[in-house]
Amino acid sequence: MKSSERVVVVGASIAGLTAAESLRLEGFEGEIILIGDEAHLPYSRPPLSKQLLMGLWEPDQTRIKSKQELVDLGIQFRGSNPALDLNLDSKVVLTASGVEKFDALIIATGAKARQLGGQGVQTLRNLEDSISLREKLSTAKTLAVIGAGVLGSEIASAGRALGSEVFLVGKAEHISFGSVGSSLSQRVEDLHTANGVDLRLSSDVLDIQVGHDGASLLLDSGEVIYADLAVAAVGAIPCTEWLAKSGLDISDGVVCDSIGAAAPAVYAIGDVAAWKDPETGFARRVEHQTNAIEQAMSVAGTIVNNRESIAPVPFFWSDIHGLSIKAYGWFDGQPLNELTSISPSGSMLGSETGGRTRGVVSWDAPFKEFRAGRSIVDESRNLSNPKP
Amino acid sequence: MKITVKEDACVGSGQCALVAESLFDQDDSGIVVLLNANPDASQESAAQKAASLCPARAIIVN
């Protein structure tokens, strides 16, 4: 890229911000425009369901970059400015405040919380959600969480820590834990139960009534749960409405090749992007912080120095009932086995595909064991993706 | 260049120690240990990369 050129990044959360930073690290000297729909400076989302919700942090502590730090990096930040349309032929993004021309475009618009039938049930996705949820949690004697995944589990855990009686309601038979899927279900369910969470799995919510003094949930078993507070954590939908007329493939997020290109000079990263997995050939979205960061760095390298890098290894972590759970790699729905050779404590678990360990889970394992498990995944990956 | 770390944000992913091993290490629970808070300019890009890669954004370089 020449210094006369201009990169527009749409989306100012972790993916977009990291892309903008990484363009500079790669040596790009041209203009960088970072467009966000929220008013806030870029902030970190994982603490929204962890430290912030538990009341351990104040909202300011989630901020990643100050205004001055963005200026110092030569990043022109435009908040409160949603993107509305993309024209690939004329290389222009239409935003609420006007038109942005680009030589390269990075799409990082993320995903938004799926709503439960438009009934005004609280969700958790952005800073305001977390602040309002924390305030309500401080007085809620009973909490009902709908959605038995990672986020639902973290909210349930925070509710217990703050002294609420907690129901965790899930449609599926088992808790599905991020990319690890159902193979970790039993451990997570046992952990919830041991910490006093009332599980209601295989339970469809037929009706929710939300009033000023609380909510009532009618389950398909006929049971009615009354709670001071109901929260829905039933997944996220990629933010692609603004791309509807662009001609890009947005069948499940922005569909990309294995280096994140959706069209010439147009890339997508983070929760909104479905990169092709070189191993399986399928494009899929990965909603994890580390994935967003590594895709951002990879795309910056491609744009500035035409240096392709292989798709990053997914990593995510969660804190539930005081335990730290980490997952590294790919799980493909395979069962988890104890990795006794590296983990005397029995708290490192591995998932095998095609005779190779492609993913490991640390169930509050000592750090040295997690590091050993990560090396196994890296080695098995290098065998199938030899670096040029 | 000055590096600061936020231990209360660190999640022990270990990315920093992988990309800048002369600047960062991890203690027995995986939490970041800053080895050099004022490295020379030659290490700036490694420090910046570690800061960007940190999933918890627990490293600040300025």
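Please treat every number below as a calculation from the coordinates, not as lab data. Just so it is clear, the model here is predicted, and its values are computed rather than measured. Note: ideal-geometry Cβ built from the backbone for every residue, glycine included; neighbour counts use all protein chains shown.
Some notes on this structure:
- In summary, the aspartates and glutamates within cross-link reach of A:LYS91, defined as a Cα separation below 13 angstrom excluding same-chain residues under 8 places away, comprise A:GLU5, A:GLU100, A:ASP103.
- At an R0 of 30 angstrom, the distance between the Cβ atoms of B:ALA41 and B:GLU7 translates into a FRET efficiency of 0.70.
- 23 Å Cα-Cα threshold exceeded, pairs from A:LYS171/A:LYS245; A:LYS326/A:LYS368; A:LYS101/B:LYS49; A:LYS65/B:LYS2; A:LYS2/A:LYS101: A:LYS171/A:LYS245; A:LYS101/B:LYS49
- Degrees, to the nearest 10: A:185-194 long Cα axis against longest axis of chain A: 50 degrees
- Applied to the range A:128-135, the Karplus parametrisation 6.51 cos²θ - 1.76 cosθ + 1.60 on θ = phi - 60° returns per-residue 3J(HN,Hα) values of 4, 4, 5, 5, 6, 5, 4, 5 Hz, with x for Gly and Pro.
- 5 angstrom amide H check on A:ILE146, placed H, neighbours 5+ away: A:VAL169, A:VAL231, A:ALA232, A:ALA233
- Reach of A:LYS141 by Cα under 15 Å, taken over aspartates and glutamates that are not fewer than 8 positions away in the same chain: A:GLU165, A:ASP198, A:ASP213, A:ASP228
- The slack in the chain from A:ARG114 to A:VAL99, taken as 0.36 nm per residue of separation less the alpha-carbon distance, amounts to 2.5 nm.
- The value of relative contact order for chain B, using C-alpha pairs under 8 Å at least six residues apart, is 47 percent.
- Counting every other Cβ atom within 10 Å of each residue's Cβ, A:SER341, A:SER22 order from fewest to most as A:SER341, A:SER22.
- Mean ellipticity per residue at 222 nm, deg cm²/dmol - from DSSP H runs of n ≥ 4 across chain B, formula -39500 (n - 2.57): -6500 deg cm²/dmol
- Cα gyration tensor category, rounded, prolate or oblate, for chain A with a/c compared to 1.5: oblate
- Derived scalar couplings ³J(HN,Hα) [the range B:8-15; Karplus, 6.51 cos²θ - 1.76 cosθ + 1.60; whole Hz; x for Gly, Pro]: 6, 9, 4, 10, x, 6, x, 4
- Of B:ASP28, A:ASP85, the sequence from fewest to most neighbouring Cβ atoms within 10 angstrom is B:ASP28, A:ASP85.
- Whole-Hz ³J(HN,Hα) from phi, Karplus 6.51 cos²θ - 1.76 cosθ + 1.60, for the range A:362-379, glycine and proline x: 9, 9, 6, 6, x, 4, 4, 5, 4, 4, 5, x, 4, 4, 4, 5, 4, 5
- Scattering profile of the range A:325-380 at q = 0.14, 0.19, 0.29 Å⁻¹ [log10 I(q)/I(0), Debye over alpha-carbon scatterers]: -0.27, -0.51, -1.21
- Nonlocal amide H pairs with A:SER324, under 5 Å, H built at 1.01 Å: A:ASP364
- In chain A, the DSSP-assigned H stretches of four residues or longer account for a calculated mean residue ellipticity at 222 nm of -7000 deg cm²/dmol, using -39500 (n - 2.57) per stretch and the full residue count as denominator.
- In terms of packing, defined here as the mean over residues of other Cβ atoms within 10 angstrom, the peptides A:279-285, B:30-36, A:356-362 line up highest first as A:356-362, B:30-36, A:279-285.
- In nm, spacing of pseudo-spin labels at A:SER66 and A:GLU308 (7 Å Cα→C-beta vector): 4.2 nm
- Percent breakdown of C-alpha pair distances by 10 Å bin, ordered from the shortest bin, for chain B: 26, 63, 11, 0
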